[in-house]
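Please read the structure below before turning to the comments.
The values are calculated or read from the model by the stated rules, or taken from the named source; none is laboratory data. Quick caveat, the model's predicted, so the values are computed rather than measured. Note that we place each Cβ from the backbone using ideal geometry, even for glycine, and neighbour counts take in every protein chain shown.
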Amino acid sequence: MKIRRVVTGRNSAGKSVVISDGPSPQEMVLQHTPGFVSSPQWKIEGTPELGGVDLQDPMNATGTMIMPAGGSSFWVITFPPDSVFMSSQWNPAVAGPELTEASPGIAERMESDSPGMHQTPTVDYVTVVKGRLILELDDGKTVELNAGDTVVQQGARHAWRNPTDEPATISVVLLGAMI
């Protein structure tokens, strides 16, 4: 699933130009968790500087998508149905390292005793792009979300669940926050 990413900037004359047009170099279609796609789009560690045509693509380097306070990252994630994780063919020993590589900064925060639950030092702006997901919070509360719904996640412990038969996709901007 190659997500098209168009990056713009300004040339030396101050005119708008396309700097790049194509998928993020960090996009991963997971082999051991069918239907899971991680597509980190962009990240900025601090206050952004408006870029010219010589702007370096931050996605050419690996590393966490959790930025420090004042930084931000942009990610598109497709979650497979929960049934993929329950399948006898899904092997966490094989899928785990791939999930860790696909979710830099998030995977380290996943709770082994409560699969999928995690908490980040970020404020997240989430939009469900396609499908239906369940947002699960640590008090057992769940919220059903459909395409077009948004969430403002303020450092809350949570998990994403997909009880349907189809993958579901979110677009999320994570803003590094003070704890």
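Residues of region 80-107 that are farther than 19 Å from residue 169 by Cβ, in contact with a His (Cβ under 8 Å, 6 or more places away or on another chain) and part of a loop (DSSP other than H, G, I, E, B): 90, 91.
Take residue 44 and tell me if it is β-branched (Val, Ile, Thr), in contact (Cβ under 8 Å) with a residue 60 or more places away in the chain and in contact with a Ser or Thr (Cβ under 7 Å, 6 or more places away or on another chain). It is false that residue 44 is β-branched (Val, Ile, Thr), in contact (Cβ under 8 Å) with a residue 60 or more places away in the chain and in contact with a Ser or Thr (Cβ under 7 Å, 6 or more places away or on another chain). Of the strands (runs of 3 or more DSSP E) lying entirely inside region 108-179, those carrying at least 2 residues that are more than 21 Å from residue 43 (Cα to Cα) and without any contact (Cβ under 8 Å) to a residue 60 or more places away in the chain are 132-137, 142-146, 158-161. Scanning region 1-38 for residues that are under 19 Å from residue 129 (Cα atoms), of a type in the set (A, V, I, L, M) and either touching a Pro at 6+ places or on another chain (Cβ under 8 Å) or touching a residue at least 24 places away in the same chain (Cβ under 8 Å) (or both) returns 1, 3, 28, 29, 37. Tell me yes or no: at least one residue of region 48-59 is modelled with pLDDT under 95, among the polar types (S, T, N, Q) and either under 17 Å from residue 106 (Cβ atoms) or out of contact with any strand residue (DSSP E or B) (no Cβ under 9 Å at 6 or more places or on another chain) (or both). Yes, region 48-59 contains at least one residue that is modelled with pLDDT under 95, among the polar types (S, T, N, Q) and either under 17 Å from residue 106 (Cβ atoms) or out of contact with any strand residue (DSSP E or B) (no Cβ under 9 Å at 6 or more places or on another chain) (or both). Scanning region 65-84 for residues that are surrounded by fewer than 17 Cβ atoms within 10 Å (Cβ to Cβ) and without any contact (Cβ under 8 Å) to a residue 60 or more places away in the chain turns up nothing. Exactly one residue out of 105, 176, 116 is at positive phi and buried (at least 16 other Cβ atoms within 10 Å of the Cβ): that is 105.
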